[in-house]
Amino acid sequence: MKTRTKVAITIILALLYWAVSQSLLNSSRHAPATGMTTTQLHAQYEQDNERFFNNRLPKNTIIDYGETDPQYMATTSLAGNTFRISFNPVYAKSERLDEYLLFHEACHIVTWRHGVDHGPEWRTCMLKIDVQGGFREIFIDGYQEKMP
């Protein structure tokens, strides 16, 4: 086989590999294997906002699976007047974890004037959710025994 043919085959295979990997990466950003869809996350955010945050969270918050840094399970950012909660599809694989991460990131929004940190105000926000039973619902009451 000529060198030119080998190079052409290598380039074609590399392009195919790239196309397939991009397709898989993009699809995982929108719908993780077993976690919540972005539509479900928005609905949960709205319920949490009403129940735990007295509707203090902005209604125009964007929620997506755009976080790709392996150091983060989810992040919150602010662009103009719009918050964005980005989940990492590598980690967001269960509804319970997604619900916890949503609380975690919502508390960053509530305490945003202090920056994205886990200081006393953020911890107070998380404790208020706990006192209202939010974590109990996720981690204890959310379990249901499967009947045979």
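Values quoted throughout were computed directly from the atomic coordinates according to the rules given, and no laboratory measurement underlies them. Since the structure is predicted, the reported quantities are computational estimates derived from the model, not experimental observations. No Cβ is skipped: glycine too gets one built from the backbone with ideal geometry, and neighbour counts run over all protein chains shown.
Numbers below:
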| quantity | calculated |
| --- | --- |
| Among 117-123, 57-63, the order from most to least packed when residues are scored by Cβ within 10 Å on average | 57-63, 117-123 |
| Kirkwood Rh in Å, taken over all unlike Cα pairs in segment 31-141 | 14.0 |
| Cut-off 14 Å between beta-carbons: net charge of the residues surrounding residue 99, Lys and Arg +1, Asp and Glu -1 | -4 |
| Dipole magnitude of segment 31-141 about its Cα centre (Cβ charges: Lys, Arg +1; Asp, Glu -1), debye to nearest 20 | 240 |
